[in-house]
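Read through the structure below, which is laid out as C-alpha cells, and then see the notes.
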There are 2 protein chains.
Amino acid sequence: MKGNVLVGQSGGPTAVINSSLAGVFKTAKEHGANKIYGMLYGIQGLLEEKYVDLGNLIHSDIEIELLKRTPSSYLGSCRYKLPDINKEPETYKKLFSILNKLEIEYFFYIGGNDSMDTIRKLTDYGESISSSIRFIGVPKTIDNDLEVTDHTPGFGSAAKYIATTTKEIIRDSLAYDQKNLTVIEIMGRNAGWLTGASVLSKCQDCEGPDMIILPEVTFDLGDFISKVEYFQKVRKSVVIAVSEGIRLRDGRYVCELAGQETFTDDFGHSLLSGSAKYLANRITLELGCKTRAIELSTLQRCATHMASLVDITEAFQVGGAAVNAAFRGETGKMVILKRLSNNPYQCTTDLYDIHKIANLEKKVPDSWIDPNGTYVTQEFTEYVKPLIQEELTPIMINGLPRHLIKK
Amino acid sequence: MKGNVLVGQSGGPTAVINSSLAGVFKTAKEHGANKIYGMLYGIQGLLEEKYVDLGNLIHSDIEIELLKRTPSSYLGSCRYKLPDINKEPETYKKLFSILNKLEIEYFFYIGGNDSMDTIRKLTDYGESISSSIRFIGVPKTIDNDLEVTDHTPGFGSAAKYIATTTKEIIRDSLAYDQKNLTVIEIMGRNAGWLTGASVLSKCQDCEGPDMIILPEVTFDLGDFISKVEYFQKVRKSVVIAVSEGIRLRDGRYVCELAGQETFTDDFGHSLLSGSAKYLANRITLELGCKTRAIELSTLQRCATHMASLVDITEAFQVGGAAVNAAFRGETGKMVILKRLSNNPYQCTTDLYDIHKIANLEKKVPDSWIDPNGTYVTQEFTEYVKPLIQEELTPIMINGLPRHLIKK
C-alpha cells in the first residue's frame, strides 16, 4: 500500500493557491495515494495536530473545479518560521512524530519564500534522522519575488486584477473636465512586480498610468512633484501607480511620512499602507488640484472572480508536478516554472534544489526599469503579458461566484 | 425630417451609465432621428458648446456592445447645478440658443437627483418661452437614492461588485488561525443601499458580514465596540460593512474623528472617507486584535467587469424608454422602473412628472433595518437580490476587458 500524503498552505493567500491544492489532491489520488491529509493553518496548525482528511471533504470533480475557483487558503494558512534545527530540536521531534503517526510519506507545502525555508529545514532534519519522507515545495506568491522560477503562480491573477482595475480607474478619472490626480497603491513590499503590472492597462483603448513607481527605485518627493506638475500641463487627468513599499533615500517608507505607525508581522515584515494617501494629500497641498488615493488592498490577492486562466492552470500544474516528483522519489526540491517561449507563450515545470532557493528575493531587474525611474520597459511588459491571458469563468450562483468551503 | 437629439451624462459615473447612452442612441436611430449629439461633460460642457455627433463615433453594433461594457461616462460628466431661472435667466437664454442652433427637439439627461433638477428647470424655462423641445430624465446612480423609481440603474452592478468582493474578503479573513477584524467601507453618503447590499454575500458558502452599519442609523461608538467584543468571543474572524457616511449623535461624521478634513464637491456634498480606518484603529487600541480597513472606493462605480446583466439591460431599457416617450410627445418626465413581481423578477418602465421627483432622497426604510440597528432585514435582501443577477461577459482582448473610447 502506498503511503499517505500531507499538504499545507502557508503565507499570504493568492487567488489561485487553491488551484495548486487541487493539483496536489487530484494528482495524488491518481497516483493511488492512500490518505491525503491537509494541515489546517500550515505547519503551525500541524504542530497542534490540526489536520483534515481531504478525501472526506472533496468528493467530486465539480468540487475540484469549485476549489480551483475559491480564493484564500482553503486549508487555512500561517506565518510561522520554523526555529533553527540546532537551537530547538524539540519542535522537529514533535513534527516528525506527528508525521509518523499519520504515516506520511509525501509532504507538500504551498507557499512563498518563508515556506520554502520550512521545506529546507524539514528536508535537512529528515535527512539527519534518515527519515524516508519526501518534502517538495510548491511555489505561490502574488509578489512574484521567488528566485529561480520564471514566475510564481498567484502573480498572474493579481497582475490581471491590477491591470483591469487600473484600466477602469483610468476611464473613471476622465469623467470630469477638471484637472485631477489619482494615486493607486499596489502591494509589493520590496519587489515591484505587481506595481509594474499596471503597465498592462496600456493598450489600444487606454493610455495606461503616467508614472509607475517601484520600490526598487529610491523615491524622491521633489522629483515626483515636478513630474506631476509636468504631466498636469499636458493632460487633464494624471494616474500614477505606486508600490506600498516605496522608500526615501534615508530608508524611511513614504507611508511613514504621514505619521502612521508601521506594524510588523511574525516574519518581521512591515505592514505598509498609506503611501498613496500621503502623496495625494501632498499634491493637493503643493499643486492645489483635486486628488484621490485608491488602495487596491486585499482584493489583489483574493479577487478570484478575475483570475487568469494561465495562472490557474499553472498553479494546478505545479501542484501536480510536485506530486509526480515526490512519487518518483525526489525530495528537498521546489517545483519551478520554466518559460520556453513567449510567442506563442509556452511554459513547463522543473525541479530545483530547495537549499539554493529559500530566503532569496527576486526584484525587478534594473534593466527593466525605465532610466528615469518612473516606468517599466517593454521587456517587462513582454514578460508579464502572457501571464494574465484568458479567463476561467466563475461558477455563478444567484449572481455571485460560488466557492468551496469545508463542511 | 425629424429633429435632432441631444443626450448628456451627469453626476458620478456608474458601471452601466453607458448602457443607458447606448439605449438612447440605438432607439433614437431606430426612430429615424436626424443627428444624435452628445454633450461633452454634461450641461456644463454644453454651455461651452462642447458636443460631439455620436453618429461619427459609434458605427456598428459591436461598438454599441462595447459601449454597454465601458465604465465611466463615455461623454464625460459634470457636477453642475443650473442656477435659479429667475436669478440668472442669461444661462438659460444661452443654453436654449445653443439648442436651437443645433436644431434639438429631444433632450435626454442621464443622471441622479441633481441631474433631474436640471431637467426640471429646463422644462420649466422651455415652457415659459413656448419651446417645443422635449426634456426627459434618464435615472442613474449607484446610490439608489432616487425617489419613485423602484431602483436606479447602476445600483445593481455596484451591489453585485460589493457582494462579490465582500464574499472574497470574508474568505480571505478566514485564512489565519488568529482573531481578526476587517472593516469594509462602502459608498453611500446618506442612504445605506450599497452598504446593505453586502448582505447578499450571505449564502450557502458564506456567512456574510457580522454587522452592517448604515448611515440611516445614528452610530454609537461604545455600542459598536461592545458588539465587536461579543462577536470576537464567538468567532475568530469578524467582518463589518460600514457606510462612509455614518454619523455620531452630535452630527459629526465618524471619519471626522480621525482628524481628517472633509472636503465638499460643487453640490455641497461632503467627500467622505476614513470611517473604516478609524474604526479599525480604534478596535486595535481597545481590544488589541489584528484589524484591517478596506475601502471599496471608486471601484464600486467603475467595475464594469463585474456588472449585473439585469442592471445593464435595465440601464439600456430606461434609455430606450426615454426616447420612445419623447418621440411620443412627452416632456418634463423622468423614466422610472416599476417592479411587477419578485418571483420571477419582472420589471417594466414608466414615466413620472419630473417636478415630483427632483431633489428628493430615498433612504433605506426603517422597517428594512434590523431593530438592533446593525443589520438589514430579509425584505431588504429580497428587494436587492434580483438586481445583481446574471452577467454580461466582457469582451476580453489580451486578457483585459475592452472599452469603447472616443476617437
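No lab work stands behind these numbers, since they all come straight from the coordinates. Being a predicted model, the structure only gives us computed values, none of them experimental. Here the Cβ is made from the backbone with ideal geometry for all residues, glycine too, and neighbour counts use every protein chain on show.
Peptide A:294-300 shows a mean partner chain C-beta count of 6 within 10 Å per residue C-beta.
Couplings for the stretch B:102-108, taken from phi via the Karplus curve 6.51 cos²θ - 1.76 cosθ + 1.60 with θ = phi - 60°, read 7, 6, 6, 10, 10, 10, 10 Hz in order; Gly and Pro are left as x. The relative contact order of the stretch B:336-407, computed from alpha carbon pairs under 8 Å that lie at least 6 residues apart in sequence, is 17 percent.
Quick check: from the Cα gyration tensor, does the stretch A:1-73 come out rounded (a/c under 1.5), prolate or oblate?
Note, shape of the stretch A:1-73 comes out oblate.
Helix B:221-234 axis versus longest C-alpha principal axis of chain B: approximately 60°, rounded to the nearest ten. Taking amide H as placed 1.01 Å from N in the peptide plane, the amide H of residue B:51 sits under 5 Å from that of B:40, each at least 5 places away or on another chain.
Structure remark: mean-square fluctuation, Gaussian network model of chain A, C-alpha springs under 10 Å; the largest value among A:159, A:280, A:322 belongs to A:280. Peptide A:313-325 has a mean shielding of 0, counted as Cβ atoms of other protein chains within 10 Å of each residue's Cβ. A Förster radius of 35 Å combined with the Cβ-Cβ distance from residue A:221 to residue B:88 puts the calculated FRET efficiency at roughly 0.20. Annotation for residue B:406 and residue B:29: the two label points, set 7 Å from Cα along the Cα-Cβ direction, are 1.9 nm apart. Relative to the dominant Cα principal axis of chain A, helix A:89-101 is inclined by about 60°. Rounded to a whole number of µm²/s, how large is the Stokes-Einstein D of the protein assembly as shown at 25 °C and 0.890 mPa s, given Rh as the Kirkwood radius over C-alpha pairs? My calculation gives 89 µm²/s for D. Distances between placed amide hydrogens fall under 5 Å for residue B:349 paired with B:338, all partners being 5 or more residues away or on another chain.
Shape of chain A from its Cα gyration tensor (a ≥ b ≥ c, root eigenvalues): rounded if a/c is under 1.5, otherwise prolate when a/b > b/c, or oblate? In terms of gyration-tensor shape, prolate.
The alpha-carbon of residue B:94 sits under 19 angstrom from the alpha-carbons of these aspartates and glutamates, leaving out residues fewer than 8 places away in its chain: B:48, B:49, B:84, B:103, B:105, B:117, B:124, B:127. Scalar couplings 3J(HN,Hα) for the stretch A:42-58, obtained by applying the Karplus form with A = 6.51, B = -1.76, C = 1.60 to θ = phi - 60°, are x, 5, 5, x, 4, 4, 9, 6, 9, 7, 10, 8, 4, x, 7, 10, 10 Hz; x denotes Gly and Pro.
Contact order, relative form, for the stretch B:9-51: 37 percent (alpha carbon pairs under 8 Å, 6 or more residues apart, mean separation divided by residue count).
Approximating the spin labels as points 7 Å out from Cα along Cα→Cβ, the residue B:132-to-residue A:356 distance works out to 8.4 nm. Taking every alpha-carbon pair within the stretch B:142-264, the share separated by more than 23 Å comes to 36 percent. Look at the stretch B:11-17: the mean tally of other chain Cβ atoms within 10 Å of its residues' Cβ atoms is 2.
Peptide packing for B:337-346, B:46-55 was compared via the average number of neighbouring C-beta atoms within 10 Å per residue; ordered from the highest value, the list is B:46-55, B:337-346.
Note on the stretch A:272-407: lysine pairs with Cα distance below 25 Å, sequence gap of 8 or more or different chains, count 11. In chain A, helical runs assigned H by DSSP with n ≥ 4 each contribute -39500 (n - 2.57); averaged across all residues and rounded to the nearest 500, the mean residue ellipticity at 222 nm is -10500 deg cm²/dmol.
Length gained on full extension, residue A:236 to residue A:341: 33.8 nm, using 0.36 nm per residue less the C-alpha separation. Share of pairwise Cα-Cα distances greater than 12 Å in the stretch A:187-247 is 67 percent (whole percent). Could you identify which residue out of A:275, A:297, A:243 has the top mean-square fluctuation in a GNM of chain A using Cα springs shorter than 10 Å? In this elastic network of chain A, the residue with the biggest mean-square fluctuation among A:275, A:297, A:243 is A:297. By DSSP, the beta bridges lying fully in chain B are antiparallel in about 40 percent of cases.
Simple rule: put +1 on each Lys or Arg Cβ and -1 on each Asp or Glu Cβ in the protein assembly as shown, find the dipole, and look at B:24, B:381, B:13; the Cα lying farthest toward the positive end is B:24.
Reducing the stretch B:318-342 and the stretch B:186-235 to their Cα centroids gives an inter-centroid distance of 35 Å. In order along the stretch A:296-311, phi translates into HN-Hα couplings of 5, 6, 3, 4, 4, 9, 10, 7, 4, 4, 10, 5, 8, 5, 4, 5 Hz, rounded to whole numbers, per the Karplus curve 6.51 cos²θ - 1.76 cosθ + 1.60 with θ = phi - 60° and x for Gly and Pro. Computed as a quarter of the hull surface, the mean projected area of the alpha carbon convex hull for the stretch A:89-175 stands at 7.9 nm². Close amide H pairs (under 5 Å, H built 1.01 Å from N) link residue A:134 with A:106, A:107, residues at least 5 positions away or on another chain. With r as the distance between the Cβ atoms of residue B:390 and residue B:366 and R0 = 30 Å, compute the FRET efficiency 1/(1 + (r/R0)^6) and round to 0.05. Result of the calculation: an efficiency of 0.45. The long axis of helix A:155-173 is offset from the longest Cα principal axis of chain A by roughly 20 degrees.
Does the stretch B:316-407 come out rounded, prolate or oblate by the C-alpha gyration tensor, with a ≥ b ≥ c the root eigenvalues, rounded set by a/c under 1.5 and, if not, prolate when a/b is larger than b/c and oblate if not? Judged from the Cα gyration tensor, the stretch B:316-407 comes out oblate (a/c at least 1.5, b/c at or above a/b).
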